[in-house]
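Worksheet for the structure shown next.
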2 protein chains.
Amino acid sequence: MKKKVSLKDIAQEAGVSVALVSYVLTNKEEKARVGQEMAKKIRKIARKLNYQPNHIARSLKSGRSDTIGLIVADISNPFFGHVARTIEDEAKKNNYTVIVGSSDENMDKSGDLINVLLNRQVDGLIVIPTEGSEAQIRQLQERNVPFVLIDRFFPGIATSSISINNFAASHDAVSHLIHSGRKRIGMIAYKTNMHHIAERRRGYSEALTDNDLPTAGLLKLARYSHIKEDIRTAIDQLMGAKKPADALFFATNSLAIEGLRYIIELGIKVPEQLAVVSFDESEAFDLFHAPVTFIRQPILEMGKAAVRVLLEHIRDGERPAEEVCIDTELVIRRSSAAQ
Amino acid sequence: MKKKVSLKDIAQEAGVSVALVSYVLTNKEEKARVGQEMAKKIRKIARKLNYQPNHIARSLKSGRSDTIGLIVADISNPFFGHVARTIEDEAKKNNYTVIVGSSDENMDKSGDLINVLLNRQVDGLIVIPTEGSEAQIRQLQERNVPFVLIDRFFPGIATSSISINNFAASHDAVSHLIHSGRKRIGMIAYKTNMHHIAERRRGYSEALTDNDLPTAGLLKLARYSHIKEDIRTAIDQLMGAKKPADALFFATNSLAIEGLRYIIELGIKVPEQLAVVSFDESEAFDLFHAPVTFIRQPILEMGKAAVRVLLEHIRDGERPAEEVCIDTELVIRRSSAAQ
DNA sequence: CTTGCTTACTTAATCGTTTAAGCATATATT
DNA sequence: AATATATGCTTAAACGATTAAGTAAGCAAG
């Protein structure tokens with residue numbers, strides 16, 4: 001790579017000191033009482049040589065990198081991709097750059113990522129935390145690193161977070177299924193202790209018991225690492241029971257997509273035989289023969305909030321934690337039509 | 001943010017010079033002839049204080065940032081998300097970090113991104129170039145910035161690139177439609193001069209003429225900025241003609257998904273009335289009532305190749321351009337079944 | 001004519017790390 | 001005994017930018 005033009009090069013060409021050039025190019029001429037002539041000359045040379053400030057040197061001096069680190073579960077998953085995109089855009093508006101990393105829901109990778117990002121001197125972190133990463137989050141707190149959790153948080157740790165009302169959203173979605181006449185409503189969720197998923201499960205269960213509907217054997221859990229097999233087993237059990245399920249609620253879009261693949265394979269009719277509702281959005285839901293009813297997360301709003309709160313923490317290290325909870329929207333379509 | 005532990009802090013605590021600490025912690029004790037006792041002591045203190053090297057300071061000294069910049073069209077699009085993911089993983093294996101930016105197929109944004117990334121001293125770039133960005137690419141060449149184009153390239157500029165055989169893939173896909181008995185095969189592509197799309201169009205056209213099939217009025221173009229309207233118009237024209245199309249080939253997955261939404265809306269039967277094939281993969285294709293035949297791009301291989309070639313350029317600035325072309329796979333499913 | 005104030009610059013320290021070169025002291029070689 | 005070599009450390013410069021503090025010259029005021 002061709003060596004870049006530095007202040008020194010400009011200073012040399014102008015026959016002045018590096019400091020003077022710096023004052024001019026950072027628009028501190030007034031304060032530093034630089035002569036008009038000289039200022040003009042320096043700017044001209046800078047333009048001629050196409051000077052671009054070395055961000056790394058600046059960072060070293062200033063202690064800020066104007067970079068924020070983002071840790072998602074998997075950037076290739078459209079949900080996280082969208083989150084990343086809104087954060088990227090919002091960060092750019094504030095002159096920040098984003099470094100993203102995928103944790104694969106794996107706490108070791110997550111810990112590594114946090115270290116890599118902090119060593120690169122990011123000014124703050126936006127994290128979609130992984131199961132078992134409480135200790136990492138606590139460490140961030142102790143080290144006084146500005147950070148915001150998004151999509152998920154740990155109820156036992158008081159941190160800034162952006163989340164949605166998982167319980168209510170779930171409760172609403174399941175209530176909707178009940179109102180459309182479903183009696184045996186199954187749910188497929190991840191086998192995890194993460195609070196957001198637990199809340200979704202709780203919303204589901206409470207909606208059922210609130211309406212005196214059975215819950216026994218209707219909640220199935222799939223392992224993140226064995227989605228395909230576990231979902232097939234779950235659906236086999238739900239649909240093969242003496243009283244088969246007449247509705248199915250998926251806790252995330254990846255679960256839904258995998259589930260719908262199998263539902264297609266089995267030739268199950270939606271919504272006649274089985275109503276379907278999913279958390280999260282997906283293009284795939286539009287192409288299913290019965291467009292899938294889903295819970296829409298306000299990703300744009302979440303991303304904006306995350307950046308806003310993070311920047312507040314970066315600017316004021318003493319700021320107390322801020323928990324933002326944003327409402328979702330149940331988008332009702334044919335997959336959950338009344339029988 | 002709590003001030004980080006520096007070499008100075010360790011040096012102070014150990015009562016030695018900063019240099020000595022540096023030698024030890026970068027494992028140059030042999031070369032620098034550091035006493036065993038002292039080395040042990042320094043390491044112990046470093047561990048106790050949880051020393052983490054300041055990557056920025058290191059970069060300033062070394063001139064390398066161990067960071068690569070990646071410019072995609074839109075990280076929230078699963079195709080680019082996958083590309084980004086494989087590059088992220090591959091980069092990490094080589095101790096590189098990735099900064100991603102989305103250009104939105106907009107050459108101004110692309111230019112801005114290139115500048116931002118270069119100012120952040122990335123060691124090299126992986127770029128999915130945008131229409132009209134030839135000048136930017138030429139500049140990278142002139143400035144001798146290590147970079148690789150991926151997914152697309154400019155035939156007029158000799159650069160390193162990773163691409164697929166768009167012409168052949170398209171030709172194969174359309175030939176497949178012809179063999180399955182289709183006679184009026186439409187194509188919907190982007191209105192762009194980008195070479196990869198032009199090649200896809202060419203593969204389509206040649207497959208038709210090779211088989212003495214009509215081409216007139218069957219190739220429709222949609223603007224990136226007006227996908228929805230343009231696709232609807234295109235499909236209306238194709239299906240409303242005196243002799244309606246009996247097959248449709250989409251040049252990308254976003255075009256296909258938007259097209260399929262409208263096909264569903266119109267109640268067109270696939271594959272009976274209309275066969276469908278698309279470039280690229282998508283989860284959504286699995287959920288369509290007739291799983292969509294598609295051209296699978298070897299994204300993993302592409303990402304690996306991109307990182308490999310880029311690192312070669314970074315390591316050897318004189319290395320000549322390397323053009324990698326990888327084969328695709330036509331995955332045949334029900335959407336293109338014989339009539 | 002000396003003091004003080006402007007103006008227009010330069011010097012030098014700093015951020016955290018790396019690394020060549022230097023300097024004692026101890027030990028080995030002739 | 002004089003010289004060479006090994007050992008264990010320190011000094012200092014450098015990367016590129018920022019910025020407080022210093023200086024030199026010109027001019028005005030007392």
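Could you check, for region B:234-242, whether at least one of its residues is modelled with pLDDT of 95 or more, open to solvent by less than 20 Å² (accessible area, probe 1.4 Å) and part of a loop (DSSP other than H, G, I, E, B)?
Looking for residues that are modelled with pLDDT of 95 or more, open to solvent by less than 20 Å² (accessible area, probe 1.4 Å) and part of a loop (DSSP other than H, G, I, E, B), one finds none in region B:234-242, hence no.
Kindly indicate whether any position in region A:99-112 is within 16 Å of DNA strand D (Cβ to nearest atom) and assigned to a helix (DSSP H, G or I).
No, every residue in region A:99-112 fails to be within 16 Å of DNA strand D (Cβ to nearest atom) and assigned to a helix (DSSP H, G or I).
Of the residues A:Val276, A:Val270, which single one is β-branched (Val, Ile, Thr), surrounded by fewer than 24 Cβ atoms within 10 Å (Cβ to Cβ) and either in contact with a strand residue (DSSP E or B) (Cβ under 9 Å, 6 or more places away or on another chain) or under 24 Å from A:Ile128 (Cα atoms) (or both)?
Result of the check over A:Val276, A:Val270: A:Val270.
If we scan region A:186-208, do we find a residue that is in the same structural domain as A:Asp316 (by TED's automatic domain parsing), open to solvent by 20 Å² or more (accessible area, probe 1.4 Å) and among the basic types (Lys, Arg)?
Within region A:186-208 (the criterion being in the same structural domain as A:Asp316 (by TED's automatic domain parsing), open to solvent by 20 Å² or more (accessible area, probe 1.4 Å) and among the basic types (Lys, Arg)), the answer is no, since none of the residues qualifies.
Which members of region A:54-63 meet the condition of being open to solvent by 30 Å² or more (accessible area, probe 1.4 Å), at the interface with chain B (Cβ under 7 Å from one of its Cβ atoms) and not small (Gly, Ala, Ser)?
Scanning region A:54-63 gives A:Asn54, A:His55, A:Leu60.
Okay, residues lined up against (1) open to solvent by less than 40 Å² (accessible area, probe 1.4 Å); (2) touching a residue at least 60 places away in the same chain (Cβ under 8 Å); (3) not assigned by TED's automatic domain parsing to the domain that holds B:Leu20:
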position	(1), (2), (3)
B:Arg43	no, no, no
B:Gly81	yes, no, yes
B:Ile87	yes, yes, yes
B:Asn94	no, yes, yes
B:Val98	yes, no, yes
B:Glu105	no, yes, yes
B:Gly111	yes, no, yes
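Across region A:142-170, what is the number of residues that are within 14 Å of chain B (Cβ to nearest Cβ) and either of a type in the set (S, T, N, Q) or surrounded by fewer than 18 Cβ atoms within 10 Å (Cβ to Cβ) (or both)?
The number of residues fulfilling the criteria is 3.
Residues checked against (1) open to solvent by less than 90 Å² (accessible area, probe 1.4 Å); (2) of a type in the set (Phe, Trp, Tyr); (3) at pLDDT below 95; (4) not assigned by TED's automatic domain parsing to the domain that holds A:Gly124:
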residue: A:Gly303; (1), (2), (3), (4): yes, no, no, no
residue: A:Val307; (1), (2), (3), (4): yes, no, no, no
residue: A:Leu311; (1), (2), (3), (4): yes, no, no, no
residue: A:Ile314; (1), (2), (3), (4): yes, no, no, no
residue: A:Gly317; (1), (2), (3), (4): yes, no, yes, no
residue: A:Pro320; (1), (2), (3), (4): no, no, no, no
residue: A:Glu323; (1), (2), (3), (4): no, no, no, no
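For region A:1-39, what are the residues that are more than 10 Å from DNA strand D (Cβ to nearest atom), assigned to a helix (DSSP H, G or I) and either surrounded by 12 or more Cβ atoms within 10 Å (Cβ to Cβ) or within 14 Å of another protein chain (Cβ to nearest Cβ) (or both)?
Those that are more than 10 Å from DNA strand D (Cβ to nearest atom), assigned to a helix (DSSP H, G or I) and either surrounded by 12 or more Cβ atoms within 10 Å (Cβ to Cβ) or within 14 Å of another protein chain (Cβ to nearest Cβ) (or both): A:Gln12, A:Glu13, A:Ala14, A:Glu29, A:Met38, A:Ala39.
When you scan region B:57-75, how many residues do you find that are more than 9 Å from DNA strand D (Cβ to nearest atom) and without any contact (Cβ under 8 Å) to a residue 40 or more places away in the chain?
So the answer is 2.
Considering only region A:174-204, how many residues are in a helix (DSSP H, G or I), out of contact with any His (no Cβ under 9 Å at 6 or more places or on another chain) and closer than 23 Å to A:Glu258 by Cα?
Total meeting the criteria: 10.
Within region B:129-141, is even one residue at the interface with chain A (Cβ under 8 Å from one of its Cβ atoms) and not hydroxyl-bearing (Ser, Thr, Tyr)?
No, because not a single residue in region B:129-141 is at the interface with chain A (Cβ under 8 Å from one of its Cβ atoms) and not hydroxyl-bearing (Ser, Thr, Tyr).
From the list A:Val292, A:Val277, which one is touching a residue at least 12 places away in the same chain (Cβ under 8 Å) and away from every other protein chain (no Cβ under 14 Å)?
A:Val277
Taking region A:254-267 only, how many residues are open to solvent by 10 Å² or more (accessible area, probe 1.4 Å) and within 11 Å of chain B (Cβ to nearest Cβ)?
6
The values are calculated or read from the model by the stated rules, or taken from the named source; none is laboratory data. Predicted model, so just to flag it, every value in this text is computed and none were measured. In this analysis, Cβ positions are derived from the backbone assuming ideal geometry, glycine residues included, and neighbour counts consider all displayed protein chains. Accessible surface areas use protein heavy atoms only, side chains included; no ligands, DNA or RNA. Shrake-Rupley method; radii C 1.70, N 1.55, O 1.52, S 1.80 Å.
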